[in-house]
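Take a look at the structure below.
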Amino acid sequence: ERNKIYTEICEAKIGSEYFEEKVVQTISGAAKTKEVQCETITVAEKGMMVTSWDLDTSLDASGTEPAETEEPKSPAGKSSKSPTAEEQGQAVAVPSATAFSITIAESAAPARSPEEQECHSAAILTSAKLQQDLVVMERILMENIFQPKLALYRQIPVLIEPVVISDTEVEEDEEDEDEEEKEEEKQEERAEADESPAEGAGPRLELLWSYRCDLTRGHSVSSMAWNRVNPDLLAVGYREFVSQNQKKGLACCWSLKNPMWPERIFRCEHGVTAVDFSLANPNLLAVGTAGGRVAVYDVRSREDAALLDSSASLNKHKGPVWQLRWVGQDRGAAAGDKEERLMCISGDGRMTQWFIQQRLDCSDVMRIKRTESGKKKLPGERERKSEGPISQQAAGMCFDFHPENTDIFLAGTEEGHIYCCSCSGKEQILGTYRGHKGPVYKVAWNPSSTDMFLSCSADWSILLWHRDSHTPLLTFTSETAFVHDIKWAPKSAFIFTAVNEKRVEIWDLSVSIFDPVLSCAASPEGNLSCLLFARNAECLLLGDSCGQVGVWQLHSLAVPSSDQV
């Protein structure tokens, strides 16, 4: 702005009769002396025994030796021969010169070499104080960048930056015109937004941001879980998109304060297939991997090592841990159990309960056995020898505990069957539900109507079941793709969400049982793999095979009243 004003003044002076152009050479300034404060001069006293001929020999020499032996002073009365006046003058002059040289050497000593300076800079960069300051600065920058999106997530007003007005009238006019155009555009957008719900008459999704970074690229999101105490802390499990290689996996903790880089990163030997936070100890994060490993991490620590590990356990899983969850204990202390237990289901056909003591160990809650095929023998057909299967256990894929009675749970298998089981009692299997033709990927109890549950499978279908009926009540199919995950809406007994490979679907049973009220392609780059509802916002989290977790805001989602249940 000052340069512009100076240019305008120069242009105005050119036509004046008092204006003359002259060339001026700038004279470089004279050198100045600068005083520098140095380190304090240190004095050392040293003594030695000399004889008269040593002293005479040293004075008759060229003077190099006294310069070297200047620093030590001979004590008084040690020499029997006193020097002459000229010799005294020499003896005084040489020490003053050497004292000056010693002073220069000592003052130059504190100056650091380039290597020391690099070490000093590295120490500053790795100091805890600087890292703490950088974290604060990073938080401020993230809030400035994502403030409008975070405000929409929090459902609070969005802050509008004030317009800076310059002094010139031309710029004021231009800014006024720009502001008027922006206001007109905003009014048109508001009008379109007001008209769009009336035209579509249904919910819609708006992408706010995505949790992603270079570290998660090339991985597939396998599972997500919110922290039970801090609703802004999200744990995400990652595994390789090509699961045949069984490469390394990641378990990351993301925070709303920084959507561009995770707060904690835990590297695992195999792909992470399941994560969940503890309720009794919110700092504990349980992680299950494709190699059958179960580990418990402390998110308060920045170390990569696990707090507890199942590698040393004799009862460890021999198949992928497809799902794990911390479940509250309702039986109290009568059975000697803690308030919370860690439950896992694995591809080796075992449902296990893990005990957190000095080491991690487990006991089997149930073993899922394979069911024999129900083919009838044709008339005249000979009896074939029974071919024993390779494994007598059926691979477990998922489970879900009853929202009111934590002794009852559902278990989905690779065969397509769903078992209703009990943790206590002689009869573990209370009922079997056969309806899917492929592996059951997820089962979910209805949180409001607790006798109903959903299941999704690789056979492209979603089934709605009643606990007392062993045949499905309703079948939902809209896309010819695997249905990887389903979740009931937290505030409605009629609304649930499902993700298949390409689209996310929102079903409202109070509106239609044939078509979803919303079907949206939420991941154009990859395939959707899992979903999760936000705990304190009207948002939906969608994970895909590209390693990103998109946070989508739900608009115009009608929530039925509770009396309609």
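Please tell me which of these pairs span more than 19 angstrom C-alpha to C-alpha: Lys442/Lys487; Lys369/Lys437; Lys149/Lys491?
Details: Lys442/Lys487 9 Å; Lys369/Lys437 17 Å; Lys149/Lys491 23 Å.
In this structure, Lys149/Lys491 lie more than 19 Å apart at Cα.
For Lys318, the shell of other residues with beta-carbons less than 13 Å away shows a net charge of +2, using +1 for Lys and Arg and -1 for Asp and Glu. Using a 7 Å offset from the Cα along the Cα-to-Cβ direction at both Ser58 and Ile265, what is the distance between the two label points in nm, to one decimal? Those two pseudo-labels are separated by 6.5 nm.
Packing-wise, with mean Cβ within 10 Å as the measure, how do 154-160, 25-31, 52-58, 482-488 rank, highest first? Intermediate values should be presented prior to the final figure.
Details: 154-160: 9.4, 25-31: 5.6, 52-58: 12.6, 482-488: 21.4.
By packing density, highest mean first, the sequence is 482-488, 52-58, 154-160, 25-31.
Distance between the pseudo-spin-label points of Val158 and Gln428 (7 Å out from Cα toward the beta carbon): 5.4 nm.
Magnitude of the charge dipole for the range 442-565, about its Cα centre and with charges confined to Cβ atoms of Lys, Arg (+1) and Asp, Glu (-1), is about 220 debye. Expressed per residue, the C-alpha convex hull volume of the range 510-557 stands at 101 Å³. Charge tally for Val551 (other residues, Cβ to Cβ under 13 Å; Lys, Arg +1; Asp, Glu -1): 0.
Between Ser449 and Ala305, what's the calculated FRET efficiency when r is the beta-carbon distance and R0 is 41 Å? Round to 0.05. Intermediate values should be presented prior to the final figure.
On the way: r = 44 Å, r/R0 = 1.07.
Calculated transfer efficiency: 0.40.
Tell me the net charge near Phe476. Cut-off is 11 Å between Cβ atoms, Phe476 excluded, with +1 for each Lys or Arg and -1 for each Asp or Glu. Around Phe476, the charge tally is -3.
Every number in this text was worked out from the coordinates using simple rules, so none of it is lab data. In this text, all values refer to a predicted model and were calculated from it rather than measured experimentally. As a convention, Cβ positions derive from the backbone with ideal geometry for all residues, glycine included, and neighbour counts pool all protein chains shown.
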